[in-house]
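What follows is one structure encoded as structure tokens, with my remarks underneath.
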Amino acid sequence: MSSGRGGVKRLSVLRKLVHFLLPYRGTLVAAGIALVLTAAITLSIGQGIRILIDDGFASGSREQLNQAVAIMLGLSLLMAAGTFIRYYLVSWLGERVSADIRNAVFANVIGLHPGYFEDNRSGEIMSRLTTDTTLLQTIIGSSMSMALRSSLTVAGALVMLFVTNLKLTAMVLACVPLVLMPILLYGRRVRALSNQSQDSIASVGSYAGEVIQHVKTVQSHTREDFEKKAFSQEVESAFRVARRRIRQRAWLMAIVIMLVFTGLSGMFWVGGNDVFSGSMSGGQLGAFVFYAMMVGVGVGTLSEVWGELQRAAGATERLMELLQERSLIPNEDACPVVDFKASLKIEGLGFCYPRRPLQPALQQLDLELASGQSLALVGPSGAGKSTLFELLQRFHDPQSGRILIGDEDIRDIPLTELRRHIAVVPQAPAMFTADVSYNIGYGKAGASREEIEAAARAAHAHEFICRLPGGYDSHLGEQGVRLSGGQRQRIAIARAILKDPEILLLDEATSALDAESEFQVQQALQTLMKNRTTIIIAHRLSTILHAGRIAVLDQGKLIATGDHNSLLESCELYQRLASLQFDTESWQPSADAPPSPARTWPQGARV
């Protein structure tokens, strides 16, 4: 019996769906009324069968036969109408609730801290949003209705069985425990296999999504055959789990059906003998058989729906986990900033990524940047430059120290307000599967076409956009696959220009451009950076020679700060980085020379 209690306990998670059903209580009540009426009409058909046999066939009266048939037709029409109303309302409710759950889960997931997505694969999350919600739609819109209808008809049919013939009813009730036993015994196995099946399907979707996303890498390394075999193994693994689940459910249904019809056969034998002996009429036996069939079919339906409810319980549990997940970046007590000042002050900043608690990404970092000034971050890979960008946007919170914007700790500023004042141009900009206007306009909600084009012109992107087949209405493909790296970079710069932020974060924003485009975009960035606080991650020192100040980082620590010339004299690490990229002895920038990509340093050098 522990299996049964465990199954019932597991099904209790379905109660959490009540919150999503309550807004549609009117539809729920109407569907319930239609359900009860159709169940009552279905039970009435048994009495119609009794009248048809006893008053129609047995009496030999055509008039009574016509009346009995008319009653049956009337009941059938009422049942058809009630079934239409019930099916429509319940199906609508299933679609509506699943859509609401999908919206609620997505709204919660999209606000979670980025670290959550490092531990949870996006493919699995998408599977929860699609596969699990679709399963719930089927359960609410179909299986739940079937379960309630079967429960009502079984209960009503049992009552009518008692009324019709007590002896035969005792035989039916003796069979009920035999039918329920396999349901309870197999329920736990079906539930466990259903959860494994859902997880394996999610794994298949996640694997396929990752491979397709990196299909160029797969093809360039001629790994198509390897990926085909690996994906086939994932699919076969999911199939094996599904096959075990199907086998268990098939056994469950087969055993239930065998027990039900074995009981019915015995009941026919006893009832037939009672008709021969005259202790009951043929109409009573017909009605009893009808009600017994209703009990058998109802119990069989419940046994089938039980497995579906087990799957729904697992899906609901996973969806509720996503819905109840909370971001590690608290923001409830933050107050809006009346006067946003773009000065930055970093005090004793220390941070370790959650997955690497013993490897500090930043250690006791102190920096200060006045409003409107620029700061370049230089250092080898792993120095902490990108980590600082993530902390500035509050994708993570530091374990020690603080970041001040103006006089406010960024933890005291609402996240939406903080990020509204910051624009980021990453080294590998994200492009959405939409047209050019959408991707540029993403920087400012409700931006007009004129504003979008002005931003594109400022980013030196207007010319190549006009050469696209649809101009600003050209679709870029998934992740901007139809654009070159340099074109994607200029779209991202246009997006940042349109946002018009107080603080700019540039992660080597010109790294993907050719020499001519780099010069043009540098001019655009110089204009954009005026009167804005700007922090630049520099992989090529040539792009930040004229930054107001340069900060050299190494292993999360601040090594030195200054301008290019002073750092060449005082900082050994900066000297080494500079020597790797250009000849510092034979060339020094003049004070008024603009940054030019036509110098002699290696174009593709990285630090």
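The values are calculated or read from the model by the stated rules, or taken from the named source; none is laboratory data. Keep in mind it's a predicted model, so treat the numbers as computed, not measured. For neighbour counting, all protein chains shown are included, and Cβ atoms are generated from backbone atoms with ideal geometry for every residue, glycine included. Heads up: the accessible areas ignore ligands, DNA and RNA and are worked out on the full protein's heavy atoms, side chains in. Shrake-Rupley method; radii C 1.70, N 1.55, O 1.52, S 1.80 Å.
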Seminar exercise, completed: Checked pairs for the range 444-470, first open to solvent by 50 Å² or more (accessible area, probe 1.4 Å), second assigned to a helix (DSSP H, G or I) and of a type in the set (Val, Ile, Thr), C-beta under 6 Å and 6 or more apart or across chains, list as 460/521
Exercise. Conditions: (1) farther than 30 Å from residue 47 by Cβ; (2) hydrophobic (A, V, I, L, M, F, W, C); (3) crowded, with 21+ Cβ neighbours inside 10 Å. Residue 117 meets all but one. Number of the miss?
Worked result: (3)
Problem set entry | residue 292 vs. criteria of a type outside the set (D, E, K, R), more than 18 Å from residue 151 (Cα to Cα) and at pLDDT below 80 | no
For this session: Give the residue, chosen from 482, 495, 488, that is modelled with pLDDT under 85 and not hydrophobic (A, V, I, L, M, F, W, C).
Result: 482
Exercise. Can you list the helices (runs of 4 or more DSSP H) found entirely within the range 81-148 that contain at least 3 residues being under 12 Å from the mean Cα position of the chain (by Cα) and modelled with pLDDT under 85?
Worked result: 122-127
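Residue-wise test of (1) under 29 Å from the mean Cα position of the chain (by Cα); (2) open to solvent by 20 Å² or more (accessible area, probe 1.4 Å); (3) basic (Lys, Arg).
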residue	(1), (2), (3)
365	no, no, no
390	yes, yes, no
403	no, no, no
420	yes, yes, yes
432	yes, yes, no
For this session: Give 489, 479 a once-over and let me know the one that is part of a helix (DSSP H, G or I), open to solvent by 30 Å² or more (accessible area, probe 1.4 Å), touching a residue at least 60 places away in the same chain (Cβ under 8 Å) and not hydrophobic (A, V, I, L, M, F, W, C).
Result: 479
For this session: Please list, ordered by first then second residue, the pairs with beta carbon atoms under 9 Å, 6 or more apart or interchain, first in the range 116-128 and of a type outside the set (A, V, I, L, M), second open to solvent by 80 Å² or more (accessible area, probe 1.4 Å) and modelled with pLDDT of 75 or more.
Result: 116/328; 118/354; 118/355; 119/354; 119/355; 128/321
Exercise. Any idea how many residues of the range 145-178 are hydroxyl-bearing (Ser, Thr, Tyr) and open to solvent by 50 Å² or more (accessible area, probe 1.4 Å)?
Worked result: 1
Problem set entry | Of all residues in the range 530-543 being in contact with a strand residue (DSSP E or B) (Cβ under 6 Å, 6 or more places away or on another chain) and within 22 Å of residue 574 (Cβ to Cβ), the one that is most open to solvent (accessible area, probe 1.4 Å) | 536
Problem set entry | All positions within the range 407-422 that are farther than 18 Å from residue 346 by Cβ and among the hydrophobic types (A, V, I, L, M, F, W, C) | 415
Problem set entry | Options 305, 297; residue that is more than 17 Å from residue 127 (Cα to Cα), open to solvent by 10 Å² or more (accessible area, probe 1.4 Å), in a helix (DSSP H, G or I) and at pLDDT 70 or above | 297
